[in-house]
Amino acid sequence: MSISQVENKIKSLQSDIERLGKALSDETRKEAKYRGSIRRTEKSVTKNTSPSSLKTKQRSISSDNDKINKSQKKQSEIQEKIGKKKAELAKQQELLQKEQNKVFQAITAKQDETIAAQRKVISNLRSAPQEVCVMEKECDFFISHASEDKEIVAEPLAKALISRGARVWLDKYAMTVGDSLRQSIDDGLAHSRYGVVILSEIYFKKFWTGKELNGLFAKQEDGEKVILPVWHNISKDTVKQYSPILADMLALKTADFTIDEIADQFVQLIH
């Protein structure tokens with residue numbers, strides 16, 4: 001039985017117990033009313049009460065006693081039903097707890113598997129022979145980025161791509177002041193199928209000069225898309241200031257997509 005089914009059963013039992021409780025209260029009030037009627041009738045009997053009137057009052061008292069007996073019997077039946085309902089409710093609540101524990105354990109196990117997989121990916125990323133990837137031209141992606149964007153964007157993206165089976169080169173293209181953007185991208189694309197360029201204000205301020213535009217898109221021959229821009233905390237107007245061509249290229253923005261969503265779209269290019 002599913003959790004929702006057990007919860008519905010519990011709600012039904014609670015509703016039944018509430019309804020029976022009201023019925024029991026009604027019967028209790030009826031019994032009290034009949035007893036009150038008997039007391040009033042008995043109080044009305046005096047030494048001046050005629051024999052015929054006395055018989056009438058006795059019949060009234062007898063009738064009220066019968067009603068009291070019926071009410072008490074009904075109260076007993078209702079209490080028995082309430083007892084059974086409460087016993088069933090306790091069983092269902094215990095069953096619900098067991099089912100919830102099963103779900104919790106399944107979720108915990110799944111989380112443990114995910115954490116183990118993530119740790120394995122991180123371990124593989126740290127121990128992977130990435131120089132071999134570059135030297136033998138086996139990379140699917142290289143990631144060009146400012147060192148300030150490494151922890152937040154570049155490294156998580158590299159890990160996400162690797163976890164999806166991609167071969168990635170990252171650290172070599174963490175550019176520093178004075179590096180040539182054109183040389184970095186040309187070199188990266190020479191040894192990789194695609195170049196992911198994480199564009200941010202710090203990236204442009206550090207590396208971009210007008211002459212770097214020359215030949216930047218030479219690798220995109222015959223309309224083949226090999227440069228994959230990712231915009232991080234930067235507006236189109238800012239990108240346009242440095243490169244109208246880059247501003248017009250379709251880019252993925254970290255403001256619109258998670259790292260995993262970006263990785264999913266990039267990995268589609270190599271499968």
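Give, in nm to one decimal, the length gained when the segment between S4 and E261 is fully stretched (0.36 nm per residue of separation minus the Cα-Cα distance). If you can, show how the numbers build up before the last one.
Working: separation 257, 0.36 × 257 = 92.52 nm, distance 3.23 nm.
Full extension of this stretch gives 89.3 nm more.
For K91, list the lysines whose Cα falls under 17 Å from its own Cα; do not include residues on the same chain fewer than 8 positions away.
K9, K11, K81, K102
Provide the solvent-accessible area of S52, counting protein heavy atoms only and rolling a 1.4 Å probe, rounded to the nearest 10 Å².
Rounded to the nearest 10, that gives 80 Å².
Quick one: how many Å² of H191 are accessible to a 1.4 Å probe, rounded to 10?
H191 has an accessible surface of roughly 40 Å² with all protein chains in place.
Given the whole protein assembly as supplied and a 1.4 Å probe, what does the accessible area of F257 come to in Å², nearest 10?
The accessible area of F257 comes to roughly 70 Å².
When the accessible area of region 1-131 is split by element with a 1.4 Å probe, what percent falls to carbon and sulfur? All intermediate terms of the calculation are to be shown ahead of the outcome.
Working: 4970 of 9790 Å².
Looking at region 1-131 in its full context, I get 51 percent from C and S.
Find out how many positive minus negative residues lie around Q241, taking Lys and Arg as positive, Asp and Glu as negative, among other residues whose Cβ is under 12 Å from that of Q241.
Numbers: positive: K205, K236, K240; negative: E201, D237.
Local net charge: +1.
Which FRET efficiency value, to the nearest 0.05, is calculated for A87 and R29 with the Förster distance at 30 angstrom and r the Cβ-Cβ distance?
0.70
Which order do you get for E148, E113 if you rank them by accessible area with a 1.4 Å probe, largest at the top?
On the way: E148 95, E113 115 Å².
My answer, sorted largest first, is E113, E148.
Note down the magnitude of the dipole of region 1-120 about its Cα centre, charges +1 on Lys and Arg C-beta and -1 on Asp and Glu C-beta and zero elsewhere, to the nearest 20 debye. Please report the intermediate quantities before stating the final value.
Working: 29 positive and 16 negative charges, 159 e Å.
Dipole of region 1-120, to the nearest 20 debye: 760 debye.
The values are calculated or read from the model by the stated rules, or taken from the named source; none is laboratory data. Here the structure is a predicted model, which means the values were calculated and not measured. In this analysis, Cβ positions are derived from the backbone assuming ideal geometry, glycine residues included, and neighbour counts consider all displayed protein chains. Quick note on the areas: whole protein, heavy atoms, side chains included, nothing else; ligands and nucleic acids left out. Shrake-Rupley method; radii C 1.70, N 1.55, O 1.52, S 1.80 Å.
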